[in-house]
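So the structure is just underneath, and the comments pick up after that.
Every number here is computed from the coordinates shown, using simple stated rules; none is lab data. Computed from a predicted structure; not experimentally measured. Backbone-built Cβ (ideal geometry, glycine too); neighbour counts: all protein chains shown.
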Amino acid sequence: MARRTAPVPVRWEVREGRAGYVFIAPTTLLLALFYLYPLAQTVVYSFTDWNPGTGRVRNVVGFDNYADILGDGDFLRAAGNTALYVAVVVPSSMVLGLVLAAMLATPFRGRNVYRALIFTPYIAPIVGSALIFSYLLTPLGGLVNNTLGVFGVAPIAFLNSQPWAMVSVLVFSVWQLVGYTMIIFSAALTNIPTSYYEAATLDGAGVFRRFFSISLPLVAPTSGFLAVTGVIGSLQVFTQVYVLTGGGPLGSTETVLFWIYQQGFVFFHGGSASAAAVVLLLFGVVVSAAQFAVLARRDAVEMA
């Protein structure tokens, strides 16, 4: 039997391949310049006593920065606050987004207006929204406290007392994110064939039965996407905390990224800040990999 040889690419295919490298070269260079190089530099600085204010590296300290932050009570408290933020904001925004998407799935007059109003907080500047939100929560003269006062409730310093400060940050973040999850779920629900719902209706399934038996299982891939991106985004929460509470009171709302900001740009402990950034990155990678593994296993079970 004649031995088969690999086909030799024709000249135009070779030229086309080279042209592809030329087209992706600018993007590759930009990614390397603005992402890979700063990442490598952060890893290097995490093993040194670096001062961001002067830009000088006094000496190499090895793993001392990592040992210090893992034994620092303030960092561990910030890590706990970040974990609480992820555990509350991600599932809450997904559940509310799915419920709103399901409620707005049926066409009716003004549906697009409601969708736009719910989606507006997500596209609005976080700083401006947080400033308005803080004004509403003002102890004296704020809309929320004035409303509570009608029912005889004394004014509450929502942003300056525990546990209300963290509750305020969580509520604001869910309110700001739910519009995004609603739009994504709405797109997923639109792709479900209406024949599924019609067949279920003929079988006597009610609204809730159709939702839990048809809508919820078929938007599972979208739920996985929102879970992964939501966790990654929530691990990097900073602006809400900075504007609303400034990490207070007594660090009760301080997150890991806010702690990194304080160490790097307030106290100029660049080595500790870099080490904390590397730890946060590794934690995010591990959590994302675990989520992808769970999603892949579930997809394999559903296809079996």
Potential extension, PHE23-SER213 segment - 0.36 nm per residue separation minus Cα distance = 63.7 nm
Determine the sum of side-chain charges near LEU98: Lys and Arg each +1, Asp and Glu each -1, restricted to other residues whose C-beta is under 15 angstrom from that of LEU98.
-> +2
Excluding exposed DSSP-loop trypsin sites (Lys or Arg not before Pro) (at most 12 other C-beta within 10 Å), longest clean stretch of the chain | 110-304
Calculated [θ] (222 nm, deg cm²/dmol) that DSSP helices of n ≥ 4 give over the chain, each run adding -39,500 (n - 2.57) | -22000 deg cm²/dmol
If packing is taken as the mean number of other Cβ atoms within 10 Å per residue, what is the order of 89-101, 31-43, highest first?
-> 89-101, 31-43
Arrange the following residues from fewest to most other Cβ atoms within 10 Å of their Cβ: VAL167, VAL178, VAL266, VAL231.
-> VAL266, VAL167, VAL231, VAL178
Most fluctuating residue of GLY251, GLY264, GLY141 in a GNM of the chain with Cα springs under 10 Å: which is it?
-> GLY141
Taking θ as phi - 60°, what are the ³J(HN,Hα) couplings along region 196-206 by the Karplus curve (6.51, -1.76, 1.60), each to the nearest whole Hz, with x for Gly and Pro?
-> 4, 5, 5, 5, 5, 5, 5, 7, x, 6, x
For Cα Rg over 2.2 N^0.38 Å, with candidates [x] 0.98; [y] 1.22; [z] 1.31, the value calculated from the shown model is option [z]
Electrostatic dipole magnitude of the chain [Cβ: Lys, Arg +1; Asp, Glu -1; Cα centre; debye, to 20] = 900
Got a sec to turn the phi values of region 168-173 into Karplus ³J(HN,Hα) couplings, 6.51 cos²θ - 1.76 cosθ + 1.60 with θ = phi - 60°, whole Hz, x for Gly and Pro?
-> 5, 5, 5, 5, 4, 5
Radius 15 Å from Cβ of TYR66, net charge of other residues (Lys, Arg +1; Asp, Glu -1) = -4
Which one of PHE119, PHE158, PHE267 has the biggest mean-square fluctuation once the chain is modelled by GNM with Cα springs under 10 Å?
-> PHE267
FRET efficiency estimate (nearest 0.05) - Cβ-Cβ, ASN112 to LEU136, R0 30 angstrom | 0.65
Could you go through region 42-57 in sequence order and give the Karplus-derived ³J(HN,Hα) for each residue, using 6.51 cos²θ - 1.76 cosθ + 1.60 with θ = phi - 60°, rounded to whole Hz, and x for Gly and Pro?
-> 5, 4, 5, 5, 5, 9, 10, 9, 9, 10, x, x, 9, x, 9, 10
Cα centroids of region 73-147 and region 265-297: how far apart, whole angstrom?
-> 25
Who wins for biggest fluctuation among GLY224, GLY271, GLY204 in a Gaussian network model of the chain, springs between alpha carbons below 10 Å?
-> GLY204
Looks like region 131-224, by Cα gyration tensor root eigenvalues a ≥ b ≥ c and the a/c under 1.5 rounded cutoff (else prolate when a/b is bigger than b/c, oblate otherwise), is prolate
